[in-house]
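Student: Please read through the structure below; I'll follow up with questions.
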Amino acid sequence: MPKGSPERTAARKEEIIRACEKLYRTMSFKDITLKEIGNETSFSRPTIYNYFQTKEEIFLALFELEYDRWNADLERIAEENETLTREQIADRIARSLEQREQLLKLLAMNNYDMEANSRPELLTSFKEAYGRSLRNVRAILDRFCPEMTDAEKQGFLYAFFPFMFGIYPYTAVTEKQRTAMKDAGVDYVYQSVYEITNRCLLRLLGVGTASF
């Protein structure tokens, strides 16, 4: 770890993560290099190694930031509502993910490589943010669905969180992919992040009108 104040260290890390985030809006994971990230910072590329040893570590930090952002959204759902029906729970969570396209995009990537090429302390920090999201969704169920059993709530979590890995590929479809689907004769109904997520949540919450 480089010498300097904790504030400077935090500021440098944030600048690196923001540089990665900027590039990720227009470039793919495989095309982004440490050199590209360094070109977007105010300091030299070798300085990056004082904070992150691999590109995967930077992406993992960005991933953690996205979970932190979603956690803030989930906490507001629990704090700003006295009561919510199951339909409203599905709506609120679906809308929170509708605003987190970058989180969904990162979920659709190869998480194994990001985690395998990151140091244990960074991986632990990421898992803490992920764990908070599990607890926040559980807290929403505890508060607004007290009639659900522990087994039902656990089943909800272990179905919904794996489902999130597939939201981005099913909703962010390129024109090339659309053409290929058409040429292959696949009759596919395209849906938005909100639509596909809301329908899944309604099913998991046992709302009988949910249909796919």
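Student: Out of Phe165, Phe156, Phe126, report the one residue that is of a type outside the set (Ser, Thr, Tyr), without any contact (Cβ under 8 Å) to a residue 60 or more places away in the chain and closer than 15 Å to Leu103 by Cα.
Tutor: Unique residue meeting the criteria: Phe165.
Student: OK, next. What number of residues in region 16-38 are surrounded by 12 or more Cβ atoms within 10 Å (Cβ to Cβ) and either in the same structural domain as Ala61 (by TED's automatic domain parsing) or not aromatic (Phe, Trp, Tyr) (or both)?
Tutor: Within region 16-38, residues that are surrounded by 12 or more Cβ atoms within 10 Å (Cβ to Cβ) and either in the same structural domain as Ala61 (by TED's automatic domain parsing) or not aromatic (Phe, Trp, Tyr) (or both) number 15.
Student: All but one of (1) assigned to a helix (DSSP H, G or I); (2) buried (at least 16 other Cβ atoms within 10 Å of the Cβ); (3) modelled with pLDDT under 95 hold for Asp113; state the number of the condition that does not hold.
Tutor: Condition not satisfied by Asp113: (2).
Student: Could you look through region 133-160, keep only residues that are more than 16 Å from Arg86 (Cβ to Cβ) and over 13 Å from the mean Cα position of the chain (by Cα), and pick out the one that is surrounded by the fewest Cβ atoms within 10 Å (Cβ to Cβ)?
Tutor: Looking at the filtered set, the residue picked out is Ala151.
Student: Is it fair to say Ile89 is farther than 21 Å from Tyr112 by Cβ, without any contact (Cβ under 8 Å) to a residue 24 or more places away in the chain and surrounded by 12 or more Cβ atoms within 10 Å (Cβ to Cβ)?
Tutor: It is false that Ile89 is farther than 21 Å from Tyr112 by Cβ, without any contact (Cβ under 8 Å) to a residue 24 or more places away in the chain and surrounded by 12 or more Cβ atoms within 10 Å (Cβ to Cβ).
Student: Taking the options Gly185, Gly208, name whichever one is closer than 20 Å to Thr85 by Cβ and either in contact with a strand residue (DSSP E or B) (Cβ under 6 Å, 6 or more places away or on another chain) or exposed (fewer than 10 other Cβ atoms within 10 Å of the Cβ) (or both).
Tutor: From the options Gly185, Gly208, the qualifying one is Gly208.
Student: Look at region 161-182 and say how many of its residues are of a type outside the set (Gly, Ala, Ser), farther than 30 Å from Ala151 by Cα and surrounded by fewer than 17 Cβ atoms within 10 Å (Cβ to Cβ).
Tutor: Going through region 161-182 one residue at a time, the tally reaches 9.
Student: If you scan region 1-60, which residues turn out to be part of a loop (DSSP other than H, G, I, E, B), more than 23 Å from Asn110 (Cα to Cα) and of a type in the set (Lys, Arg)?
Tutor: Lys3
Student: Sticking with this one: Please work out if Thr124 is closer than 25 Å to Arg203 by Cα, of a type in the set (Val, Ile, Thr), surrounded by fewer than 19 Cβ atoms within 10 Å (Cβ to Cβ) and in the same structural domain as Ile167 (by TED's automatic domain parsing).
Tutor: The answer is no for Thr124.
Student: For region 127-175, enumerate the residues that are β-branched (Val, Ile, Thr) and either under 19 Å from Tyr67 (Cα atoms) or outside the structural domain of Ile77 (by TED's automatic domain parsing) (or both).
Tutor: If the condition is that a residue be β-branched (Val, Ile, Thr) and either under 19 Å from Tyr67 (Cα atoms) or outside the structural domain of Ile77 (by TED's automatic domain parsing) (or both), then Val137, Ile140, Ile167 are the ones that fit.
Student: I've got another one for you. Go through region 76-85 residue by residue and tally those that are touching a residue at least 12 places away in the same chain (Cβ under 8 Å), assigned to a helix (DSSP H, G or I) and either in contact with a Gly (Cβ under 7 Å, 6 or more places away or on another chain) or loosely packed, with under 15 Cβ neighbours inside 10 Å (or both).
Tutor: Count: 0.
Student: Let me ask something else. Within region 192-201, how many residues turn out to be surrounded by 16 or more Cβ atoms within 10 Å (Cβ to Cβ) and among the polar types (S, T, N, Q)?
Tutor: Result for region 192-201: 2.
Student: Now a separate question. Sort out for me the helices (runs of 4 or more DSSP H) sitting completely within region 123-212 that have 2 or more residues that are of a type in the set (A, V, I, L, M).
Tutor: Those helices (runs of 4 or more DSSP H) span 150-164, 175-183, 193-204.
The values are calculated or read from the model by the stated rules, or taken from the named source; none is laboratory data. The structure presented is a predicted model; accordingly, all values stated were derived computationally and were not measured. Every residue, glycine among them, receives a Cβ derived from its backbone with ideal geometry; neighbour counts consider all protein chains shown.
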